[in-house]
1. Answer yes if at least one residue in the stretch 314-330 is part of a loop (DSSP other than H, G, I, E, B), surrounded by 15 or more Cβ atoms within 10 Å (Cβ to Cβ) and not charged (D, E, K, R), and no otherwise.
2. Can you pull out every residue in the stretch 300-313 that is of a type outside the set (Lys, Arg) and either in a helix (DSSP H, G or I) or touching a Cys at 6+ places or on another chain (Cβ under 9 Å) (or both)?
3. Given the conditions (1) open to solvent by 40 Å² or more (accessible area, probe 1.4 Å); (2) at negative phi; (3) of a type outside the set (A, V, I, L, M, F, W, C), which single one is not true for Tyr131?
4. Being surrounded by 11 or more Cβ atoms within 10 Å (Cβ to Cβ), more than 57 Å from the chain's Cα centre (by Cα) and at pLDDT 85 or above, is that true of even one residue in the stretch 491-509?
5. Limited to the stretch 143-192, what total is found for residues that are crowded, with 19+ Cβ neighbours inside 10 Å and part of a strand (DSSP E or B)?
6. Given (1) of a type in the set (Gly, Ala, Ser); (2) more than 20 Å from His402 (Cα to Cα); (3) surrounded by 14 or more Cβ atoms within 10 Å (Cβ to Cβ), where does Ala340 come up short, assuming only one miss?
7. Looking at the stretch 371-392 only, could you name the residues that are among the charged types (D, E, K, R) and either touching a His at 6+ places or on another chain (Cβ under 6 Å) or open to solvent by less than 40 Å² (accessible area, probe 1.4 Å) (or both)?
Amino acid sequence: MPRRKQSRRTDVKDIRSILRLTHESGLSVREVSERLGLGKSTVSTYLLRAGEAGVNSWPMPEGCDDDAVLERKLFRQMGRPPRDTTEPDWQLISREMKRKSVTLLLLWQEYREAHPGGFGYTWFCNSFSAYERRLRPTYRHRHAAGAVMQTDYAGQTLPLIDPDTGEVHAVQLFVAVLGASNYTFAFASLHQRLPDWIEGQVRALEYFGGVPASIVCDNLKAGVAKALWFEPTLTATFAAMAEHYDTTILPTRPAKPRDKGKIEGAVLIAERWIIAKLRNSQFFDLAALNAEIARLLELLNAKTMRHMGKSRRELFEEIERAALKPLPVTPFEYAEWKTAKVHPDYHVAVDRNFYSVPHGLIGRKLDVRLTQRVVEIFQDHKRVASHVRSSQRGFHITVNAHMPKAHQRYADRTPASLIANATKMGVNVAIMVERIMLDRRHPEQGYRSAMGILALGRGYGHARLDAACDRALAIEATTYASVHSILKSGLDQASPAREPNRPTPTHGNIRGAAYYQ
């Protein structure tokens, strides 16, 4: 094995030898290293220093024969010019670095164009890094303009008094902030549920007047179904909102506040500049509370930030507004997504109502999208049915085209046609059918029960059904279940002593028994 060279202290004579062997003899770094017994890195370093000092030839330039002069040239502080050189405006450099495609090299080149004798690139980079560390001791990310909006709820709440009961409700404060300019938005909502969460996001984007490339948010259950770092699962409504605005949702890791450092700071500021200032105020209306929050928010965004020398609004107008993508033509319409199985009667149960789908989908699980006005039903992302959403409960909303051919002949059923069919089976059957529809708020709600009673006549015969209806009317049991129970137990054929027949209740819409004779 070759013997390892012993390290020794170099002097000016060694430097002269390195320059002579390199420029006069044309030896390589390795050959010079072996000839002089120096390390290759040492030879390379001295050649680099000599090149920066302009000593890159042999014989050396005039004035370098003196050892002291040569040493001063080679060993002055690299990258730093004389003390009277103008130092860069680090606040301006920091703001410019937030613009898209701007690099530190570009800013240094522009600085050197303005100050040809200014600082070198290495010193420029190191000094800027030191400035950033002083500015933000926990600095992690430098957000480009338009790159991110971070959102979260404040930990503290605001009191809202119910004017009728005097009860005090704890109102939530939603906060959003843009990464580059720190431009802040705040909005009060009654809860942290999905509708409130979506409304906060939409209002923030409208306040900013544009859409960032991504939205960083906490793992709120209303928006994030599964809080996995690599593949988080969003709720369908939150994902639809992101698609509508063409942005990306990036949930943070649980219990990792530095993942959303901007919003953590913005929440703290909002608590101090909004919640704390409203601590002695009383509000009885959510709209009035949000109006006051909006006023304080304008003051906050107009306040000059000491470390930046400009306000949030000034920075937003200067570097971030133009970087945001434009808002879509229409705002996002809140919609909930649910999964529903098609019942044997080709309807799905949604929000206590029943909406029809094509009968061939019986037994399938379908996706249902509910807005304030419309119910849309999808199979494999393809819409198969659409209905106007009913504001009442217990209704069947049916499209005739969804029915099987054998059922479509029943689609035009009316109270008159049902009573006419019941009359053929007996007077009491007709009265029962009419009573069933009259007892409902809307006659249509009794169609199914009436048709069920008519169907009993096919199984038990018209005479027995008429007797069962007579018995049910006597005890005021005007339901399908009661008539069916009487037939099943055979009570219609029993003849116990019974109460005298009571007259049919007087009602303008009841024709009475004589009508059916």
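1. yes
2. Matches in the stretch 300-313: Leu300, Asn301, Ala302.
3. Exception for Tyr131: condition (1).
4. The answer is yes; a qualifying residue exists.
5. The total comes to 21.
6. Of everything listed in (1) of a type in the set (Gly, Ala, Ser); (2) more than 20 Å from His402 (Cα to Cα); (3) surrounded by 14 or more Cβ atoms within 10 Å (Cβ to Cβ), Ala340 misses just condition (2).
7. Glu376
Okay, residues lined up against (1) in a helix (DSSP H, G or I); (2) modelled with pLDDT under 70; (3) loosely packed, with under 14 Cβ neighbours inside 10 Å:
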position: Val55; (1), (2), (3): no, no, no
position: Met60; (1), (2), (3): no, no, no
position: Lys73; (1), (2), (3): yes, yes, no
position: Met78; (1), (2), (3): no, yes, yes
position: Pro82; (1), (2), (3): no, yes, yes
position: Ile93; (1), (2), (3): yes, no, no
position: Arg99; (1), (2), (3): no, no, no
position: Val102; (1), (2), (3): no, no, no
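The values are calculated or read from the model by the stated rules, or taken from the named source; none is laboratory data. Keep in mind it's a predicted model, so treat the numbers as computed, not measured. Because the Cβ atoms are built from the backbone with ideal geometry, glycine has one as well, and the counts that use them run over all protein chains shown. Areas reflect the complete protein model, heavy atoms only, side chains present, ligands, DNA and RNA absent. Shrake-Rupley method; radii C 1.70, N 1.55, O 1.52, S 1.80 Å.
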